[in-house]
Amino acid sequence: MSLTVEQTCIIIGASHGGVSAAFALRKEGWQGSILLIDSDPCLPYHRPPLSKAYLTSSDNVQPQIIKPEASYEKNNITLKLGVLVTNFDKENQVVSLNNGEALNYDKLIIATGARPFIPPITGIEQAKNLFALRTQADVEQIREAVTHSKHKRVVIIGGGYIGLETAASIKKLGGEVTVLERESRLLARVTSPEMSDYFKQLHISNGVTIETNQNVKSIQNIDGTQVVCCENEQTFTADIIIVGVGIRVNQELAQQAGLTVENGITVNEQCQTSNENIFAIGDCAYHHNKHYDRWLRLESVQNAVDQAKISAAVICGKDVSYDALPWFWSDQFDVKLQMVGLATGYDDVIIRKEVEEASKFSVWYFKGAELLAVDAINHAKAYVLGTKLIKNKTVINKTQLANEELPLSIDNLT
Ligand SMILES: Cc1cc2nc3c(=O)[nH]c(=O)nc-3n(C[C@H](O)[C@H](O)[C@H](O)COP(=O)(O)OP(=O)(O)OC[C@H]3O[C@@H](n4cnc5c(N)ncnc54)[C@H](O)[C@@H]3O)c2cc1C
C-alpha cells in the first residue's frame, strides 16, 4: 500500500512496545496520523526501574520517561492518555474509547501488554496495604506505605524476578522483608537450581527472609494484626503485602474482536495478527522464535522494542521479519544479572567462576553440544560472548569453558 497523509495508525498501549512503534513508524516513513492511546494517565515511562531504582528513590524524583513530551509533538504523534480502549471492530476498522469517542484506523497495533495476576487467596480483597507492582502509581503507593509504616513488616508473595527485585529495594528502604515462594526454590519457572541458590543466598545475606514451599491460602486480620497464612499452617505478620505471582495477558480486546488468541495474541513473523491490518507486539504477542523453533510469549523490554520496529517497518511496506534472541536483565542489591537465550530443555550446565574476580560468574546451558543460554552475574563479557556464540550456533569446547584457569575468550572456547 502507498503511504499517504490521510491514513491513520492507532496504537493501543503506550509503553515500551507502543511508544517504540510510534517513533519507528515515523522513521520508516509513515505519513499519516499516529494515535497512541493508554489508560495510564502518566507520560510513558520505563517499567524496569519501577521495582529497582524508582522504588528506592525519594518522593520528588521523577520516573524515567521513555521519550520527552516534546518529542511526541515534534514527530506529530498524538498521545491520548488516561483513556481506555473498550473494543475495536475489525470489519469497520473502528476503535471505541471509554470517553465515547470512536476512531477509524487503517492500521492498528495492539501493544496492551499484561497486568498483574491477583491469585484467589481467601481474604485478599479485604487485605490492607496490599499492592501489585506494574505501574508508576503502584510504586508510589508502595513507597508511601513503607515509609509511613511503623514496623515495616513486608511480605512479598512470589519469589520471581519482580518479587526479588522488590524485596531488595524494600530492604534498602528499611523494610523487614519476607518472601513467600510456593515452589521449592526461587525463580523456579525461569532459571536453573544453581541460579536459584545463588539468589537465595544473596537475599539471605542481605537480611531478607526467604521461605520456600509456602503456598499462601489466606490473609486474615487477627486482633487487629494482618497475617498471611500458608497451607502448612505457618503464618507471617504483614503490615504491607506485595503480590508478585505473574501476569495475565491483556488479550481480551483481541479475543472479543475475533482475532486468533492462544497464549497471547497470535502473530506471524511480521507481527501481524490473523487480520492483515492489525499487529500485536510486546508482552501480549504470541510469536514463533526462529532460533529455538518454538512458539512463545516474552516479557522483556527488548522483545517489545524489537517487535515494535518490525511491525512499523512491515506497515510501511518493508520486507522484514522478527528474528531475535531473547535477553533480559535483573538488578538485585549490588548484583547485575544478564541473561541471553532460552535454557528450556537443557541437559548440561557449566558454571564458571572467574579466578581474578570472585563476584563474577556465569552459567552456560547446553543441549548436547548446542549452547542454549547464558546467565551472567556481574559479568558483561560472558553475556556478550554468550550472545555471539548462541546467535552463530557455534559449537564450543566445553572442557576449555569449564577450565577456570583459562581466561574467558572466543579463542579459548572455539
Ligand atoms: C516492575 C517491573 C520490572 C521489570 N523489569 C524488567 C527488566 O529488568 N528487564 C526487562 O527486559 N523487562 C522488565 N520488565 C518487563 C517489561 O517492563 C515488559 O516486558 C514491557 O513493559 C512490555 O512492554 P509492552 O509495551 O509490551 O507492555 P506494557 O509495558 O505492559 O504496556 C502495555 C500498556 O497498554 C496499556 N493498556 C492495556 N490495555 C489497554 C486498553 N484497553 N486501553 C488503553 N490502554 C491499555 C497499559 O496501560 C500499559 O501501559 C519489568 C516489568 C515490571 C512490571
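Out of all the residues in region 226-255, which are farther than 12 Å from residue 155 by Cβ and either exposed (fewer than 13 other Cβ atoms within 10 Å of the Cβ) or small (Gly, Ala, Ser) (or both)?
Listed by number, the residues that qualify are 231, 232, 233, 246, 248, 252, 254, 255.
List every residue pair whose Cβ atoms sit under 6 Å apart, with the two residues 6 or more apart in sequence or on different chains, where the first one lies in region 297-314 and is acidic (Asp, Glu) and the second, anywhere, is within 13 Å of the ligand (Cβ to nearest atom).
That search, which allows pairs on different chains as well, returns 299/283; 306/324.
Would you mind finding the one in 83, 95 that is outside any strand (DSSP E or B), at pLDDT 95 or above, on the phi < 0 side of the Ramachandran plot and in the same structural domain as residue 301 (by TED's automatic domain parsing)?
The conditions single out 83.
Just a yes or no: is a residue in region 341-353 touching a helix residue (DSSP H, G or I) at 6+ places or on another chain (Cβ under 6 Å) and under 21 Å from residue 301 (Cα atoms)?
Within region 341-353 (the criterion being touching a helix residue (DSSP H, G or I) at 6+ places or on another chain (Cβ under 6 Å) and under 21 Å from residue 301 (Cα atoms)), the answer is yes, since at least one residue qualifies.
So, restricting to strands (runs of 3 or more DSSP E) that lie completely within region 147-259, which ones have at least 1 residues that are within 16 Å of the ligand (Cβ to nearest atom)?
In region 147-259, the matching strands (runs of 3 or more DSSP E) lie at 153-157, 176-180, 240-243, 247-249.
So which residues in region 85-117 are in contact with a helix residue (DSSP H, G or I) (Cβ under 7 Å, 6 or more places away or on another chain) and away from the ligand (no atom under 14 Å from the Cβ)?
Of everything in region 85-117, just one residue is in contact with a helix residue (DSSP H, G or I) (Cβ under 7 Å, 6 or more places away or on another chain) and away from the ligand (no atom under 14 Å from the Cβ), namely 107.
Determine, yes or no, whether residue 293 is more than 14 Å from residue 17 (Cβ to Cβ), more than 7 Å from the ligand (Cβ to nearest atom) and touching a Lys or Arg at 6+ places or on another chain (Cβ under 6 Å).
The answer is no for residue 293.
Within region 55-66, is even one residue farther than 27 Å from residue 105 by Cα and near the ligand (Cβ under 9 Å from one of its atoms)?
Taking every residue of region 55-66 in turn, at least one turns out to be farther than 27 Å from residue 105 by Cα and near the ligand (Cβ under 9 Å from one of its atoms).
Got at least one residue in region 343-355 being within 15 Å of the chain's Cα centre (by Cα) and closer than 22 Å to residue 386 by Cα?
No, the conditions are met nowhere in region 343-355.
Which pairs have Cβ atoms under 6 Å, sit 6 or more apart or on different chains, and link a residue in region 13-36 that is free of Cβ contacts under 8 Å to residues at least 24 places away in the same chain and closer than 13 Å to residue 73 by Cα to one that is away from the ligand (no atom under 16 Å from the Cβ) and among the basic types (Lys, Arg)?
none
For residues in region 1-20 being out of contact with any Leu (no Cβ under 7 Å at 6 or more places or on another chain) and more than 9 Å from the ligand (Cβ to nearest atom), which is modelled with the highest pLDDT?
7
Taking only region 109-142 into account, find how many residues are in a loop (DSSP other than H, G, I, E, B) and touching a residue at least 12 places away in the same chain (Cβ under 8 Å).
Here the count works out to 14.
Here is a list: 157, 170. Which entry is surrounded by 14 or more Cβ atoms within 10 Å (Cβ to Cβ) and either under 22 Å from residue 249 (Cα atoms) or within 19 Å of the chain's Cα centre (by Cα) (or both)?
Just one listed residue meets the conditions, 157.
Residue check, residue 324 against (1) under 22 Å from the mean Cα position of the chain (by Cα); (2) closer than 30 Å to residue 109 by Cβ; (3) away from the ligand (no atom under 16 Å from the Cβ), all met but one. Which one?
Among (1) under 22 Å from the mean Cα position of the chain (by Cα); (2) closer than 30 Å to residue 109 by Cβ; (3) away from the ligand (no atom under 16 Å from the Cβ), the lone unmet condition for residue 324 is (3).
The values are calculated or read from the model by the stated rules, or taken from the named source; none is laboratory data. Quick caveat: nothing in here was measured; it's all calculated off a predicted structure. Here Cβ is always computed from backbone atoms with ideal geometry, including for glycine, and neighbour counts include all displayed protein chains.
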